[in-house]
Amino acid sequence: MRQSRYRWFVVAIFFAFMLLHQADKLLISPLTTPIMEAFGINEAQMGAVFTGALIVGAVLYPIWGYLYDRYTRPKLLALASFLWGSTTWLSAIAPTYPSFLLTRASTGIDDSSYPGLYSLISDYFGPAVRGKIYGLLQVAQPLGYMLGMILATFLRDAIGWRGVFYLTGSLGIVLSAVIFFGVRDVPRGRSEPELAELEDIRVHRFDWKIARELFRKRSLLLLFVQGFFGVFPWNVITYWLSQPINYLRQAYTSSMRLSRHPRWPASPSRLAF
């Protein structure tokens, strides 16, 4: 019973990790306008900020996978959470656009750290319930997007866009400590029914030969193509949809300020006929 409850404790931690990480990853979209104003940059330069993180994340996906196959997965996830928090803090204190571009691109390091999370969950839960757990964890991503929008919309005027980054970065650092001390690694393959009767389960390490063989499978290549065209339009929508929202919000704020402080206040002389 205790082991069963602990498994759900791990799920709760990973759900919080994905929720807050996704919120931090996507809250930059509604913060686009104040960031552009702070650094005096145009939309093309702001687009480079998004692109940098995506490129870094894409390059590091196989590297994270290699590390997860060779080292303790919870410790690597704790490192990913710490990198998320620290790079977000560095983005908050960046004084110039080049430094902000560099620090925001570095947030892509932890964006590609999810494989270890799913690998660990697969060893905590057997095939009968594993799909349900994956589905539950995936719910954190759209919820994280909505949370990021809410945080950015309601807090940017109160604490500024840098303050929002300080907040989410701090949460990442705190969560890294929770993962480091609270999540235990488990033997790989422990939840597989085929391996349940074995006394000694061999640990298989990353093999470049096997990895190269995977790229010869047509079904895998088809999944890569499908994934690209599935993700590409959503990233475009995420960035560009935030622009009209920001413009409408600015127009509303300006109209409210003008209504409170008219440019041509009425005076007794103007009212006299």
Neighbour-count ranking for Lys75, Lys132, Lys25 (other C-beta within 10 angstrom, fewest to most) reads Lys132, Lys75, Lys25
Summed over the other residues with a beta carbon less than 12 angstrom from that of Gly116, with K and R at +1 and D and E at -1, the charge totals 0
Distance in nm between Asn42 and Ile159 label points, each 7 Å along Cα→Cβ, equals 3.4
Volume per residue (Å³) of the convex hull spanned by the alpha carbons of the range 2-194 is 113
Note, Val59: beta-carbon cut-off 14 Å, +1 each Lys/Arg, -1 each Asp/Glu, net -2
With 0.36 nm assigned to each residue of separation and the Cα-Cα distance removed, Thr72 to Leu222 gains 50.9 nm
Listing Val49, Val225 by rising number of other beta-carbon atoms within 10 angstrom, fewest first, gives Val225, Val49
Exposure proxy check on Asp111, Asp157: fewest-to-most Cβ neighbours within 10 Å is Asp157, Asp111
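No value in this document is a laboratory result; all are computed from the given coordinates. Nothing here was measured: the structure is a model prediction, and the numbers come from that model. No Cβ is skipped: glycine too gets one built from the backbone with ideal geometry, and neighbour counts run over all protein chains shown.
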